[in-house]
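Below is one structure, written out as structure tokens; the observations come after it.
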Amino acid sequence: MRVDEGRHTLTVTIGPFHVPQSPSMMGDMMMMMMRRNNDELEGAFTWPATVRFRGVTLEVIDSAGHPLPRRLLHHTYMVNFDRRQLVEPISECPFSFGEETQDITIPGALGLPMAAGMRLGIVIMWDNLTGHDVDGAYVRYTFLLNPRHRQPAPLDVLPFLVDVNHVNGGTDGFEVPPGGLVVTKQFTVGASGHLLAASGHLHDHGLTLRLEDGLTGVPLVTLRAQRDSSGRLLRVPYRILAVRDSGPHLVAGRRYRLVATYDNPTPRPLAAVMGTLAGLFAPDSPERWPSVDAEDPTFELDRRLLTTSHPGGGAQAGACHERR
């Protein structure tokens with residue numbers, strides 16, 4: 001971990017890793033087992049200063065600092081054990097990258113607040129499709145920090161995350177039968193505020209993610225997947241919602257609905273696909289953000305799954321599987 005005060009950056013590097021090649025053809029059950037067993041807490045550290053950050057870049061490099069293919073990673077994310085999520089009573093995910101996710105940067109007028117001493121972890125799942133093992137791989141995350149004395153102070157923003165099939169202690173994946181499927185999740189938020197930006201995570205053959213008002217059915221956000229002609233996912237776009245106004249205002253206790261839509265032109269079910277909406281949320285009153293309840297069985301199960309060692313090395317990240 002290295003802080004560069006002049007460049008306003010914090011760099012966290014984890015490694016080295018030996019990354020075996022993934023099987024080129026595997027059954028659905030084998031893929032599910034890999035995701036359960038290889039989603040690992042690879043690094044734990046303490047955040048060094050009370051400061052905001054406004055961006056994260058991800059690099060996969062070798063021991064000399066030369067770039068390796070980022071698609072060696074299926075996904076990676078950071079976990080904050082000292083702050084909970086807005087929707088689910090589990091550990092916060094301040095950032096996450098899927099293989100289709102671009103680097104994250106937000107305007108300097110915004111910042112995600114971090115306190116010195118917060119306990120953090122980095123989760124990694126590899127997916128090496130290069131056709132050969134890769135030895136000596138490192139993962140480097142560079143946080144772009146807000147200057148400490150910026151005036152006016154940046155607006156505090158916090159992560160917003162909803163998974164359409166969240167299963168605490170289990171996998172969030174679901175099966176899409178031939179022809180396609182629409183999956184929905186009803187939820188409430190623990191604090192009122194504005195959703196400033198949104199992106200998401202889908203798998204191949206995913207079509208859309210849509211956030212709706214649960215009472216009126218009015219769409220608040222719609223994200224359409226960018227795909228190639230075969231249906232392979234290229235990316236889920238990142239949308240700035242607070243352009244002409246402050247973005248959709250979500251009210252604590254009101255019902256909302258996430259809708260994930262898939263097609264499936266194949267004769268077989270699509271196994272272990274996902275639908276996750278992620279974004280930036282500006283709470284009306286940051287002090288009303290729901291606090292961590294370490295005795296909540298849901299929070300405790302999530303924490304325990306993230307920090308329990310298993311024979312493959314690292315720790316299994318069950319309830320946090322593929323947060324986005």
Cα convex hull of region 82-226: how many Å³ per residue? 183 Å³
Taking a crude spin-label model, label points 7 Å out from Cα along the C-beta direction, the Ile240 to Ile61 distance in nm is 2.9 nm
Of the accessible area of region 196-250, with the probe set at 1.4 angstrom, what percent is carbon plus sulfur? 48 percent
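By how many nm would the segment from Ala49 to Thr216 lengthen if fully extended, with 0.36 nm per residue of separation less the alpha-carbon distance? Let's see the in-between values first.
On the way: separation 167, 0.36 × 167 = 60.12 nm, distance 4.35 nm.
The Ala49-Thr216 span can extend by a further 55.8 nm.
Taking the Cα centre of the chain as origin, sum charge times position over the Cβ atoms of Lys and Arg (+1) and Asp and Glu (-1), and report the length of that vector in debye to the nearest 20. Show your work: numbers first, answer last.
Working: 31 positive and 35 negative charges, 156 e Å.
The calculated dipole for the chain is roughly 740 debye.
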Relative contact order for the chain using alpha-carbon pairs under 8 Å, separation at least 6, rounded to a whole percent? 25 percent
Evaluated over the chain, the Cα radius of gyration and Dmax, each in Å: 19.2, 59
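When ligands, DNA and RNA are left out and all protein chains stay put, how many square angstrom of accessible area per residue does region 50-197 have with a 1.4 Å probe? It would help to have the intermediate numbers written out before the result.
On the way: 5590 Å² over 148 residues.
Spelled out: the 1.4 Å probe surface of region 50-197, per residue, equals 38 Å².
Percent of accessible area on region 61-151 owned by carbon and sulfur, 1.4 Å probe?
53 percent
The values are calculated or read from the model by the stated rules, or taken from the named source; none is laboratory data. None of the values given here were measured: they were computed from a predicted structure. Cβ coordinates were reconstructed from backbone atoms using ideal geometry, including for glycine residues, and neighbour counts include every protein chain displayed. Accessible surface areas use protein heavy atoms only, side chains included; no ligands, DNA or RNA. Shrake-Rupley method; radii C 1.70, N 1.55, O 1.52, S 1.80 Å.
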